[in-house]
Amino acid sequence: MAVAEHYDARWGYRTLDAERYERRRYGSPGRRLNLRLLERALARALAQVPTGGLVLDAPCGTGILSSFFRRRGLRVIGADISAAMLAVAHRRPDALGHIRADLEQPPCRPGSVDAVVSSRFLMHLPSDTRSRMLRVLGELARGPVIATVCHPYTYKSFQRALRRALGGTAKRSPRLTRRELEDEAARAGMRLERVIPVLPLLSEVWVVVLRTLPTAT
């Protein structure tokens, strides 16, 4: 079964101006700083993956993280559903290769990579689809699944809650508490090993480390 039909990004990312997307996402000084902070958190999450380890970057988008993996001494394969994104990723010299894939149709064999890194993906999925995707990604990795999720423990979330409590209006954005994340991981047959804030109280992004639970024999 494909990713939920109401998940518009599954279709929207198939055809887009990927270069414009990258400029908008990472082009300004502030957004480049956000990328560096994300890489710092990812480095902590990848600390137990050995030098020379093979990482599946899924979805890889334009391959923006590929040079980061190379600097860490890791080999990387990128997978994405968007041909436009992959066309940009192909120009980077840092990956072993790229696969065009819907992640619900596993792009490689179970246990064939040392780690899976999934950035800016799971937060777009509804809860049941997210648990299903975690299970799929977990089956591909000999080691951890490292992902980004959005959480509510930020100054911005506090401001919004206060505004609503005072009778005002404020945007409500889906955010995962640690307990909710643990529950979703458990439904996927995984455990939450570690939560790494990208920037405590200011960034809504966590880098989380999950691992598939051993099968009872």
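The values are calculated or read from the model by the stated rules, or taken from the named source; none is laboratory data. Worth saying up front: this structure is predicted, and the values here are computed from it rather than measured. A quick note on method: Cβ atoms are made from the backbone with ideal geometry, for glycine too, and the neighbour counts reach across all protein chains shown. Ligands, DNA and RNA are stripped out before the accessible areas are found, and what is left, the full protein with its side chains, is counted by its heavy atoms. Shrake-Rupley method; radii C 1.70, N 1.55, O 1.52, S 1.80 Å.
Of all residues in the range 122-143, those satisfying the criterion of being surrounded by 22 or more Cβ atoms within 10 Å (Cβ to Cβ) and more than 15 Å from residue 183 (Cα to Cα) are 137, 140, 141. Answer yes or no as to whether residue 143 is farther than 18 Å from residue 206 by Cα, assigned to a helix (DSSP H, G or I) and not β-branched (Val, Ile, Thr). No, not satisfied. In the set (1) more than 28 Å from residue 102 (Cβ to Cβ); (2) over 15 Å from the mean Cα position of the chain (by Cα), the condition left unmet by residue 197 is number (2). Considered as a group, the residues in the range 173-217 that are of a type in the set (Lys, Arg) and without any contact (Cβ under 8 Å) to a residue 24 or more places away in the chain include one that is least open to solvent (accessible area, probe 1.4 Å), and that residue is 191.
Tallying residues that are without any contact (Cβ under 8 Å) to a residue 40 or more places away in the chain and charged (D, E, K, R) within the range 53-71 yields 2. Residues that are among the hydrophobic types (A, V, I, L, M, F, W, C) and in contact (Cβ under 8 Å) with a residue 60 or more places away in the chain within the range 94-112 comprise just one, 103. Among the residues of the range 151-166, are any within 18 Å of the chain's Cα centre (by Cα), closer than 28 Å to residue 35 by Cβ and touching a residue at least 24 places away in the same chain (Cβ under 8 Å)? Yes. Restricting attention to the range 151-172, the residues being part of a loop (DSSP other than H, G, I, E, B), open to solvent by 40 Å² or more (accessible area, probe 1.4 Å) and at pLDDT below 85 number 3. The strands (runs of 3 or more DSSP E) located wholly in the range 27-103 that include 1 or more residues which are hydrophobic (A, V, I, L, M, F, W, C) and open to solvent by less than 30 Å² (accessible area, probe 1.4 Å) occupy 54-57, 75-80.
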